[in-house]
Amino acid sequence: MELTNTLVHLKNTQKKKIHGSTKIKACFVMLPELKDAFEEEEKEHLEKECVEAEKKAQKVVDANAWNTQIACESILKAFELPITSYKKKEDLEILATVLEISAKGTVQELT
């Protein structure tokens, strides 16, 4: 009898214990004035995120248009002056594209 109890106790201690996750249900209580202020701030935050997303999308469109323009100009433009006479960043980027060198950087770095 005691041996049986000991074996049962041993089996119980060797078993893996399974613990399920517990979900905590909560309810926040606040003053109506604070709730209105929170909702207003949340609305402003969402509007700001929307404006930032629109700006980011516009930057991508502008960058693609700029790259397309540079690619077209690199094919069509004739450079008749010495390379050192070109100072505009657009001209330098077109030259870099034609010469297949890096066009990253400022005008001072490109000249």
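The values are calculated or read from the model by the stated rules, or taken from the named source; none is laboratory data. The structure presented is a predicted model; accordingly, all values stated were derived computationally and were not measured. Here the Cβ is made from the backbone with ideal geometry for all residues, glycine too, and neighbour counts use every protein chain on show. Only protein heavy atoms, including side chains, enter the accessible area calculation; ligands, DNA and RNA are left aside. Shrake-Rupley method; radii C 1.70, N 1.55, O 1.52, S 1.80 Å.
In table form, for the structure just shown:
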| quantity | calculated |
| --- | --- |
| Any chance Ile101 is open to solvent by 90 Å² or more (accessible area, probe 1.4 Å), in a helix (DSSP H, G or I), at pLDDT below 80 and among the aliphatic types (A, V, I, L, M) | no |
| Flag if Phe79 is open to solvent by 90 Å² or more (accessible area, probe 1.4 Å) and either among the aromatic types (Phe, Trp, Tyr) or at pLDDT 90 or above (or both) | no |
| Matching option when the condition is open to solvent by 100 Å² or more (accessible area, probe 1.4 Å) and more than 30 Å from Glu100 (Cβ to Cβ), among Cys27, Cys50 | Cys27 |
| Given (1) at pLDDT 80 or above; (2) in contact with a Lys or Arg (Cβ under 9 Å, 6 or more places away or on another chain), index of the condition Phe38 fails | (2) |
| Unmet criterion (only one of (1) within 32 Å of the chain's Cα centre (by Cα); (2) modelled with pLDDT under 75; (3) assigned to a helix (DSSP H, G or I)) for Thr84 | (1) |
| Among the residues listed as Glu73, Glu33, the single one being charged (D, E, K, R), under 30 Å from Thr97 (Cβ atoms), out of contact with any Leu (no Cβ under 6 Å at 6 or more places or on another chain) and modelled with pLDDT under 85 | Glu73 |
